[in-house]
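Colleague: Can you read through this structure? Questions will come right after.
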Amino acid sequence: MSQNSKDLEQLRDQLDDINMKLLSLLSERAVIAQEIGIVKQKQGIPKYDPVREREMLEELVQHNEGPFEDSTVKHLFKQIFKASLDLQQEDHKKILLVSRKKQQENTIVHVKGVEIGGSAQVMIAGPCSVESYDQLKTVGTALKDAGIRVMRGGAFKPRTSPYDFQGLGIEGLKLLKQVADELDMVTVSEIVHPGHIELAANYIDIIQIGARNMQNFELLKAAGQVGVPIVLKRGLSATIEELILAAEYIVAGGNPNVILIERGIRTYEKWTRNTLDISAVPILKQETHLPVLVDVTHSTGRKDILVPCAKAALAAGADGVMVEVHPDPATALSDAQQQLNIEQFHDFWHRVKSSGLFKEQ
Ligand SMILES: O=C(O)C(=O)C[C@]1(C(=O)O)C=C[C@@H](O)C=C1
C-alpha cells in the first residue's frame, strides 16, 4: 500500500470517528428538541420560532473560525433546525386520535346492521334534497330492491344562493325517518347548525357535515358529543390535512364514529363541477383509520362519468361511494342536472357491481 493511500485511509478513519460523534450529538440535540416540542405543545406555543433560530445562527456565525463560510454554517444549521421542527411536528401528528399511528386497525362504523369501513364496501344513494314522502318512498323502494340499505337525502340545504330551495328542515328529517322505518333503511342527512345535532339524532342514523361546514368548529364540537356516526365531507378548498384535523375535532370530542368523504375540490378545471382528488383516498386510508367514501356526484357534477369515477374510487381503496338519485331529476328542487333517475341508477349500479371492484356486504 502506497504512503498516499495509507494517508487517505487514516484521514477517512478520522472522518468516520467524527461522523459518529456528530451523529451522537445530533441525536442528543434531537431528543432535546423533541422535549421542547412537548413543552410548546402543552403551552400552546407555535413550534416554529424564527427569532430563536436567528439568534442561534448569529451566535454560530460569531464563533465560526472557518474553513466553512458563514453562509455554509448557516445553511447547515438551518437544515438541523428544520429537521428538529419536523420531528416536533411528527411527534404531534403521532398523537392524533384519527391517525393510523394511534390505531392500526380500521374503524368500522356499525349502523343498523350495515358496516362502513369493514371488509365490504357500501353504496349510499338518494336524492340531493328531501322533497316529499312520495319522492323518498319511490327512491327508497328502488334502492331497497337493488340491495342498497343506506339512503341519503338533504333536509337542511346550505345553498350558494339565498333564493334557492333551502330544504324542508326538521320536516324533511321526519320524512326520512318515516321512510327509513317503513323500509328498514339507514339514513344520512346534513346538519348545518350545532343546535340541531342532538335533535337530528332522533330522526337520522348518520349525520352529515357538509363541505361548506367542514371547518365550522362549533358544529364539529357538537358532532363530537353525539352518539350518532358522522360523515364529514372534505371542504371545497380544504387540504387533506385540514380534513384530518376537522375529523380529529369530532373524535377528540368523544365520537369515534367518523367517516370521511372526498367530494372533489375546487380547481381551475371547468369540465367537471369539482376536481375529484382520487389520491386523497389512499392517503386518507394510510394516514387515518377512518372509513373513506367518494361522492361521485358532487365531485364530477356530471352523469356521464360516474361509472369510471366510482370504479376509480373503489380501486383506490374507498370504503364506498355516494351518488345522487331522484325519481324525476328534471323537476328536482336542487341539483337537477346531476342526479340520476332510477333507471340510470340501475344501470350505474349494475356496471359498478359487474366491474368486480365492489365488495358486497
Ligand atoms: O428552541 C426551540 O424553541 C425549539 O423548538 C428548538 C428549535 C431547534 O432545533 O433549535 C427547533 C425549532 C424552532 O424553530 C427553533 C428551534
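The values are calculated or read from the model by the stated rules, or taken from the named source; none is laboratory data. Every value quoted in this text rests on a predicted model; they were computed, and no experiment measured them. Cβ atoms come from the backbone with ideal geometry, glycine included; neighbour counts cover every protein chain shown. Remember, those area values only see protein heavy atoms, side chains included, never the ligands or the DNA or RNA. Shrake-Rupley method; radii C 1.70, N 1.55, O 1.52, S 1.80 Å.
Colleague: Give me the accessible area per residue for the chain, probe 1.4 Å, as a whole number in Å². Write out the running numbers ahead of the final one.
Modeller: Details: 18610 Å² over 361 residues.
Accessible surface, normalised per residue, equals 52 Å².
Colleague: Over the chain, what is the relative contact order in percent, taking alpha-carbon pairs closer than 8 angstrom and at least six residues apart?
Modeller: 15 percent
Colleague: Quick one: length gained pulling Leu25 to Glu198 fully straight, 0.36 nm per residue minus the C-alpha distance?
Modeller: Extending this stretch completely gives an extra 56.8 nm.
Colleague: Longest segment of the chain with no chymotrypsin sites (Phe, Trp or Tyr not before Pro) in a DSSP loop having at most 11 other Cβ atoms within 10 Å?
Modeller: Excluding the exposed sites themselves, the longest stretch runs over 1-162.
Colleague: Would you calculate the separation in nanometres between label points at Lys78 and Ala252, each defined as 7 Å from the Cα along the Cα-to-beta-carbon direction?
Modeller: 3.2 nm
Colleague: Using a Cα distance threshold of under 25 Å, what count of lysine pairs results for segment 248-361 when pairs must be 8 or more residues apart or interchain?
Modeller: The number of close lysine pairs in segment 248-361 is 10.
Colleague: Counting Lys and Arg as +1 and Asp and Glu as -1, what is the net charge of the other residues whose Cβ lies under 14 Å from the Cβ of Asp134?
Modeller: Combined, the nearby Lys, Arg, Asp and Glu give -2.
Colleague: Next question. Binned at 5 Å from 0, what are the whole-percent values of the Cα-Cα distance distribution for segment 3-94, short to long?
Modeller: Result returned by the calculation: 3, 12, 16, 19, 17, 12, 9, 6, 3, 2, 1, 0.
Colleague: On a full-extension model of 0.36 nm per residue, what is the gain between Ile38 and Arg12, subtracting their alpha-carbon distance, rounded to one decimal in nm?
Modeller: 5.5 nm
Colleague: Mind checking which of Val321, Phe156, Pro256 is farthest towards the positive end of segment 109-354's charge dipole, using Cβ charges of +1 (Lys, Arg) and -1 (Asp, Glu) about the Cα centre?
Modeller: Going by the Cα projections, it comes out as Val321.
Colleague: Under a cut-off of 24 Å between alpha-carbon atoms, report the lysines in cross-link reach of Lys177, not counting same-chain residues fewer than 8 places apart.
Modeller: Answer for Lys177, where 24 Å is the Cα cut-off: Lys112, Lys137, Lys144, Lys157, Lys233, listed by chain and number.
Colleague: State whether segment 203-252 is rounded, prolate or oblate according to the following rule on the C-alpha gyration tensor (a ≥ b ≥ c being the square roots of its eigenvalues): a/c under 1.5 gives rounded; otherwise a/b larger than b/c gives prolate, and the remaining case gives oblate.
Modeller: Cα axes put segment 203-252 in the prolate bin.
Colleague: Also, I was wondering about something else. Can you list the trypsin sites (Lys or Arg not before Pro) in segment 264-312 that are in a DSSP coil and have 11 or fewer other beta carbons within 10 angstrom?
Modeller: Lys270
Colleague: Determine how large the accessible area of His63 is when every protein chain is in place; take a 1.4 Å probe and give Å² rounded to the nearest 10.
Modeller: We get 120 Å² for His63.
Colleague: Over segment 303-360, calculate the relative contact order: mean separation of alpha carbon pairs under 8 Å at least 6 apart, over the residue count, as a percent. Don't jump to the answer; show the numbers that get you there.
Modeller: Details: 45 pairs, mean separation 21.0, N = 58.
Relative contact order here is 36 percent.
Colleague: Heavy atoms only, probe 1.4 angstrom, no DNA, RNA or ligands counted: give me His110, His193 ranked by accessible area, highest first.
Modeller: Result, largest first: His110, His193.
Colleague: Using only alpha carbons, build the gyration tensor for the chain and give me the equivalent ellipsoid semi-axes, biggest first, whole Å.
Modeller: For the chain, the ellipsoid semi-axes come out as 52, 22, 19 Å.
Colleague: Of Glu190, Glu343, Glu35, Glu287, which has the most accessible area and how do the rest follow, probe 1.4 Å?
Modeller: Result of the area sort, largest leading: Glu343, Glu35, Glu287, Glu190.
Colleague: Below 27 Å, Cα to Cα, which lysines can Lys82 reach? Residues fewer than 8 away in the same chain don't count.
Modeller: Leaving aside lysines fewer than 8 places away in the same chain, those within reach of Lys82 are Lys21, Lys40, Lys42, Lys47, Lys74, Lys93, Lys94, Lys101, Lys102.
Colleague: Local charge sum around Asn64 (other residues, Cβ-Cβ under 11 Å, Lys/Arg +1, Asp/Glu -1)?
Modeller: So the surrounding residues net to -4.
Colleague: Report for the chain the percent antiparallel among DSSP-assigned beta bridges with both residues inside it, nearest 5.
Modeller: If we restrict to bridges inside the chain, about 15 percent are antiparallel.
Colleague: Per-residue accessible area for Thr187 at 1.4 Å probe radius, Å² rounded to 10?
Modeller: So the heavy atoms of Thr187 present about 0 Å² to solvent.
Colleague: Based on the alpha-carbon set only, what is the convex hull volume of segment 266-324 divided per residue, in Å³?
Modeller: So the per-residue hull volume is 75 Å³.
Colleague: Work out Dmax and Rg for segment 117-176 from the C-alpha atoms and quote the Rg first, both in angstrom.
Modeller: Rg, Dmax (Cα atoms, Å): 13.2, 43.
Colleague: Could you tally the net charge around Val150, taking each other residue with its Cβ under 10 Å from the Cβ of Val150, Lys/Arg +1 and Asp/Glu -1? Don't skip to the answer; put the middle values down first.
Modeller: On the way: positive: Lys112, Arg149, Arg152; negative: Asp205.
It works out to a net charge of +2.
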